[in-house]
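Engineer: Just passing along the structure, written as structure tokens.
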Amino acid sequence: MISLKDITKIYKNEHVETRALDGVSFGIKEGEFVAIMGPSGSGKSTLMHIVGALDTPTSGEYVLDNQKVGQLSDDELAEIRNKKIGFIFQSFNLLRRTPAIKNVMLPMVYAGISSEKRMGLAKKLLADVDLADKTDNLPSQLSGGEQQRVAIARALAMKPSIILADEPTGNLDTKSGAEIMDIFQALNKKGNTIIMITHERYIAEHAKRIILLRDGKIVEDNVN
């Protein structure tokens, strides 16, 4: 499903060249649950942006579902981000003045799905994450764990082949974080491919495979 070959990312300013990724190569098969972990500055966020088609490598090749991502137009990349990848972020990225159900419907609006279908699917997705009774709540009326569950429901709206989660428990207490990981494991059992960025070993251990980055290089790649 995913193949990265010799991915390098270099950031330059006037005086300094920073090699955020240095020859990273790995593949991810459909249905895997992979945690990419490492300390701050290891390159994991840069790698997430490349895998999510939010950024391009300086060199190397990224193939997603037999498509060479580096050869795609901006419109084609946008379509991949909306249809193939469901994003979940540490800060939830919910619209603050918008009820939960409309936050979940947002990707479907961009895809031109009818209002009736959007509403029905959003209600089902919120019910799937145990928020059937919170559809009309604003994010400020939800706990951190509930906000992240709304974000998960939104990420699933377009039935993406990949769920990409960046520090999904970073703003949550231990109990809420454990509940989010239970949801990820349940989604993975249903066949969803999940790639999770984290710096916490105990969170990474919920995945079936852990890739450890340090100084822009893979230093471990182990099945859990």
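Engineer: Would you point out the residue of the range 141-168, among those that are touching a residue at least 60 places away in the same chain (Cβ under 8 Å) and farther than 20 Å from residue 124 by Cα, that is surrounded by the most Cβ atoms within 10 Å (Cβ to Cβ)?
Structural biologist: For the range 141-168, the residue satisfying everything is 168.
Engineer: For residue 138, indicate whether it is surrounded by fewer than 22 Cβ atoms within 10 Å (Cβ to Cβ), out of contact with any strand residue (DSSP E or B) (no Cβ under 8 Å at 6 or more places or on another chain) and touching a residue at least 24 places away in the same chain (Cβ under 8 Å).
Structural biologist: yes
Engineer: Another question, if that's okay. What strands (runs of 3 or more DSSP E) lie completely within the range 9-73 and have 1 or more residues being in contact with a Gly (Cβ under 8 Å, 6 or more places away or on another chain)?
Structural biologist: On the way: elements: 17-28, 33-37, 59-64.
The qualifying strands (runs of 3 or more DSSP E) are 17-28, 59-64.
Engineer: Of the residues that sit in the range 71-89 and are loosely packed, with under 15 Cβ neighbours inside 10 Å and small (Gly, Ala, Ser), which one is modelled with the highest pLDDT?
Structural biologist: Going through the qualifying residues, I end up with 73.
Engineer: May I pose another question? Which numbered condition trips up residue 118, out of (1) of a type in the set (D, E, K, R); (2) surrounded by fewer than 20 Cβ atoms within 10 Å (Cβ to Cβ); (3) farther than 22 Å from residue 30 by Cα?
Structural biologist: (2) is the only condition that residue 118 fails.
Engineer: What number of residues in the range 6-55 are farther than 19 Å from residue 193 by Cβ, of a type in the set (Lys, Arg) and either surrounded by 14 or more Cβ atoms within 10 Å (Cβ to Cβ) or touching a residue at least 24 places away in the same chain (Cβ under 8 Å) (or both)?
Structural biologist: 2
Engineer: Using the structure shown, decide if residue 86 is part of a helix (DSSP H, G or I), touching a Lys or Arg at 6+ places or on another chain (Cβ under 9 Å), closer than 22 Å to residue 35 by Cβ and not acidic (Asp, Glu). Steps first, answer last, please.
Structural biologist: Numbers: part of a helix (DSSP H, G or I): no; touching a Lys or Arg at 6+ places or on another chain (Cβ under 9 Å): yes; closer than 22 Å to residue 35 by Cβ: yes; not acidic (Asp, Glu): yes.
Considered against the rule, which asks whether it is part of a helix (DSSP H, G or I), touching a Lys or Arg at 6+ places or on another chain (Cβ under 9 Å), closer than 22 Å to residue 35 by Cβ and not acidic (Asp, Glu), residue 86 comes out as no.
Engineer: Continuing with this model, one more query. Considering (1) surrounded by fewer than 19 Cβ atoms within 10 Å (Cβ to Cβ); (2) modelled with pLDDT under 95, say which one residue 60 fails and leave the rest.
Structural biologist: With (1) surrounded by fewer than 19 Cβ atoms within 10 Å (Cβ to Cβ); (2) modelled with pLDDT under 95 applied to residue 60, the lone miss is (2).
The values are calculated or read from the model by the stated rules, or taken from the named source; none is laboratory data. What you are looking at is a predicted structure, and each value in this text was computed from that prediction instead of being measured. Note that each Cβ is placed from the backbone with ideal geometry, even for glycine, and that neighbours are counted across all protein chains shown.
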